[in-house]
Amino acid sequence: MVWGDVARPTARVLTLLELLQSGGTRTSAELAERLNVDGRTVRRYVEHLRALGIPVDSVRGRYGGYRLARHYRMPPLMLTDEEALAVVWGLLQTGRSGSGPASIGDVEAATSKVRRVLPPALARQIDAVVETVNFTGGRIGEAERTGGGEQASARVLLGLARAAGDRRPIAFDYMPRHGRARLRTVHPHGIVAMHGLLYLTGHDVGRQAERTFRLDRIVGLRLLEGTFEVPDDLNPVQRVVGPLAAGPGRHEVSVLVDADAMHVRALFPETLASVEPVAGVAGDGHWLRIFVRAERLEWVAGRLAALDRPFVIEQPKALHGVVAALGQKLIAAAIVDPSGDSS
């Protein structure tokens, strides 16, 4: 933790306390290097802490140095904004997933205690995150981390949660998987955590449509003036999980596939399609119904080909022709000699 300008003695004393709080014994040489002072100044800073009632033990010997007294309990948590969010986020994930040895009651009690010892301004930001973020049922880190981008910034998450809670419009640069960043102005509705990724749902003002954005692709977040009204039927999770919303340029596709769900999900993830078991289909297989709204039927045909499993097209009729055309292209590509020799 960085306490302001470490060139100031008070800031260095607080930094020393933070180093000792991390546990273990710290040698005088190590502390002097971290604080950019000499050994005599380290001893003086230690005396400052003792004068404040913080018991610092001196440990003699070859591996001696300084440490906090073992019986000492630190006063209210001293955490940066990012550290506080990390603690609460871990508790939230444990509570939502049901994993770990702690009960839901223990998780809620621990979250409440951490929140009470935070500074008021930071506590309000953390409360906004708790109230805004929705968790899906998938296990953390279970599946598709497409793109391999960096984790969403804690600052971005805190800012978006505040904007969504206060119903304030925002602007940011959005980095797509391919191409250049584009400026977006959005009315943020909610944040959804799914499979280790975070998604913002909201109304894209420029495109006049509901859109979903990955937080790890958002940069340069700015809070704008004014407020907006939240739709009555708002459900951020449904915006992220399942088919895209209906639109004038999207085909509603329904296909039966004889395959297991994990294999299907590799090509039709939850963020794009619904996958449900179907009973009463002839044959001995385990049939699933895939429903997706797609802008290009060629994309659907390519995914069905990649599945390499028996399938039956329910709708639309136009998909039959697109699949047949793809099949002819594959056959032609398989029999053509790249050297140009037709014999």
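Under the simplified labelling scheme, the ALA318-TYR72 pair shows an inter-label distance of 7.2 nm, with each label point 7 Å from Cα along Cα→Cβ.
All other residues whose Cβ lies under 14 angstrom from that of ALA29 are scored, Lys and Arg at +1 and Asp and Glu at -1, for a net of +2. Extending 7 Å from the Cα toward the beta-carbon at both ASP232 and TRP299 defines two label points whose distance is 3.2 nm. Note on segment 213-332: dipole from Cβ charges, positive end direction compared against TRP299, VAL230, ALA259; the farthest Cα belongs to TRP299. Given the options HIS178, HIS189, LEU200, identify the residue whose Cα lies farthest towards the positive end of the charge dipole of segment 151-213 (+1 on Cβ of Lys, Arg; -1 on Cβ of Asp, Glu). About the Cα centre, the residue reaching furthest to the positive side is HIS178.
Give the calculated FRET efficiency between ASP81 and SER274 to the nearest 0.05, with a Förster radius of 45 Å applied to their Cβ-Cβ distance. Don't jump to the answer; show the numbers that get you there.
On the way: r = 38 Å, r/R0 = 0.83.
Calculated transfer efficiency: 0.75.
No lab work stands behind these numbers, since they all come straight from the coordinates. Since the structure is predicted, the reported quantities are computational estimates derived from the model, not experimental observations. When we count neighbours, we look across all protein chains shown, and the Cβ atoms used for this are built from the backbone with ideal geometry, even at glycine.
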